[in-house]
Amino acid sequence: MEAARPPLPEELERVAELHRLAVDTARPERGGAVFAARETGGEPLIEWLQARLADGGLWAGTVADAIVGYAVAASEVLRDGSRLGRLEAIFVEQEARGVGVGAALMDQVLRWADDQSCDGIDAWALPGDRHTKNFFEGTGFSARLLVMHHRMKPVPFSEDATR
């Protein structure tokens, strides 16, 4: 059965492994190199995950108690005093998709954002990543901002000059 719950401290290595897989999966996609360099939790990764776990913004997605996905969220107070949640990461292993793990994770994230008194929550999807876009739209998200990028150097943020 699929579920989502905060990971135990001893499970953070597994969550870190999934995070690295998620970043490696995104990196070769259009916009993925800059996304990996800017938008994802950096090293030391375990410290980032420990901080999110302490803040209540980290969940492990499971199937039969095996961790197959994760979600990370944080919040911030905006200049107008409102609170914005940020879905910093959500990922489910390819083999475990389509059985409800992502939905269970998203339920936890949205419940957390409500508990944090967030007025809204942002999430990221790379250009052309229809699967992620459709997942977000299916859970009530809609686009509010497109980020445009102009490359100044032939190989920024990675060795991959095609992205």
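Matching residues to (1) at pLDDT 95 or above; (2) loosely packed, with under 13 Cβ neighbours inside 10 Å; (3) polar (S, T, N, Q):
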| residue | (1), (2), (3) |
| --- | --- |
| Val101 | yes, no, no |
| Ala104 | yes, no, no |
| Asp107 | yes, no, no |
| Arg111 | yes, yes, no |
| Asp115 | yes, yes, no |
| Cys118 | yes, no, no |
| Phe135 | yes, no, no |
| Leu146 | no, yes, no |
| Pro154 | no, yes, no |
Options Phe91, Phe141; residue that is without any contact (Cβ under 8 Å) to a residue 40 or more places away in the chain, hydrophobic (A, V, I, L, M, F, W, C) and buried (at least 17 other Cβ atoms within 10 Å of the Cβ): Phe141
Answer yes if at least one residue in the stretch 38-55 is touching a Phe, Trp or Tyr at 6+ places or on another chain (Cβ under 7 Å), in contact (Cβ under 8 Å) with a residue 12 or more places away in the chain and either assigned to a loop (DSSP other than H, G, I, E, B) or surrounded by fewer than 17 Cβ atoms within 10 Å (Cβ to Cβ) (or both), and no otherwise. yes
If a residue must be farther than 21 Å from Arg111 by Cβ and not in a loop (DSSP other than H, G, I, E, B), how many such residues does the stretch 133-154 contain? 2
Scanning for something in contact (Cβ under 8 Å) with a residue 24 or more places away in the chain and within 16 Å of Arg14 (Cβ to Cβ), does the stretch 101-122 turn up at least one residue? yes
Of those in the stretch 1-28 that are among the charged types (D, E, K, R) and crowded, with 17+ Cβ neighbours inside 10 Å, the residue farthest from Leu110 (Cα to Cα) is Arg27
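The values are calculated or read from the model by the stated rules, or taken from the named source; none is laboratory data. Remember, it's a predicted structure, so these values are computed and weren't measured experimentally. With ideal geometry, Cβ positions are generated from the backbone for all residues, glycine too; neighbour counts draw on all protein chains shown.
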